Structure formats: structure tokens, C-alpha cells
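First comes the structure, then the notes that go with it.
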Amino acid sequence: MTTLNLHPAAAASLAKWHDMVARADVSDLRAIVHPDATFRSPVAFKAYHSADALILALGTVITVFQDFAYHREAATADGLNVVLEFSARVGERGVKGIDFIRFDEDGLITDFEVMMRPMNGVQALAAEMGQRLGALLPAFKAS
């Protein structure tokens, strides 16, 4: 990957994120997530709020995705936002997607939004995540 012009704290947290993804172990994720973080899922219209929701969702999806890989990165001029292009499989379905991650000045993730395609891959992800988290995640949605 190329060097991005990130805020130093955001760069440190992004490096930790990449390490966690490479190890498929997000047990240290709380250390880089703001307590009031927001998670925006590709399969839900309303966002989920709190570090707990973000950690639950990402900790589960990392076990659902197979052959996950990041390909390209871009950052905003202020160095506090990054876009990560990825590919993965959900069962037999291939997916492509983008993670939009916003950091605060302390390098904590304040917003994590995922967009994906194609629809059949998103539907496969929705079904799998629904089976695993259907009873848990709705409690974190904003009213």
C-alpha cells in the first residue's frame, strides 16, 4: 500500500486495524473505537450507535467474510477520513465493497460505513449476519 497523508493518530489506528484484519482477530478493536461511534451497515437503513455495536458487527463480519482483502486506499485532505476498497466472499458469492472510516483527532474511529455490491452478495451477507446477530443488533439502532 502507498503512504497516505493521514493525521498521525489516525495513521496509527489504521495500522492497528489492518493488523487486526490480517490476523482475523478484532479483540483489540475497542482500543481504537470512540465510545459513541456509529456503524453504518450495507444491509440496514438506520445506523447503529455505540462502540459496542460497531465491535459486535465488525467482530462478526470478519468471521463471515472469506478471502477478505483490501486493495486500494484514499484519504481526505484533513487526514481524518480514509476509504478502503475490499473484496471478499460470502459463501459462494463474491462481493466488492468500500469501508469509509472517520477518525477523531485522537485516532479513534467515530464512524464506520460499509457499502457493497452486487446485490446477491449483499443479500447473502444480510442472511448470514441476521442469523448470527438478528436478535442483538437492533437494540443499537437510533430511533
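The values are calculated or read from the model by the stated rules, or taken from the named source; none is laboratory data. Please read these numbers as outputs of a predicted model, since none were measured by experiment. Positions of Cβ are backbone-derived with ideal geometry, glycine not excepted, and every protein chain shown enters the neighbour counts. Please note that ligands, DNA and RNA were not included when accessible areas were found on the heavy atoms of the full protein model with its side chains. Shrake-Rupley method; radii C 1.70, N 1.55, O 1.52, S 1.80 Å.
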Could you tell me, in Å, what Rg and Dmax come out for the Cα atoms of the range 35-143? 13.7, 40
Once label points are set 7 Å from the Cα along Cα→Cβ at both S27 and L136, what is their separation, rounded to one decimal in nm? 1.6 nm
Under 12 Å by backbone N from the virtual spin label 7 Å along Cα-to-Cβ at R93, the residues of the range 108-130 are 116-130
Within straight cross-link reach of K141, meaning Cα distance under 20 Å, which aspartates and glutamates are found once same-chain residues fewer than 8 apart are removed? D36, D52, D99, D111, E113, E128
If one compares the long axis through the Cα atoms of helix 51-64 with the longest principal axis of the Cα atoms of the chain, the angle in degrees, nearest 10, works out at 60 degrees
In bins 5 Å wide, starting from 0, what share of all Cα pairs of the range 1-75 does each bin hold, as a percent? 3, 14, 22, 24, 24, 12, 2
Once you have the Cα-Cα distance between Y70 and A44, take 0.36 nm times their residue separation minus that, and quote the gain in nm to one decimal. 7.1 nm
Please state the Cα pair-distance histogram of the range 61-108 with 10 angstrom bins from zero: what percent is in each bin? 25, 42, 26, 7
Note, L54: beta-carbon cut-off 15 Å, +1 each Lys/Arg, -1 each Asp/Glu, net -1
Given a 1.4 Å probe, how much area per residue of the range 1-131 is accessible, in Å²? 52 Å²
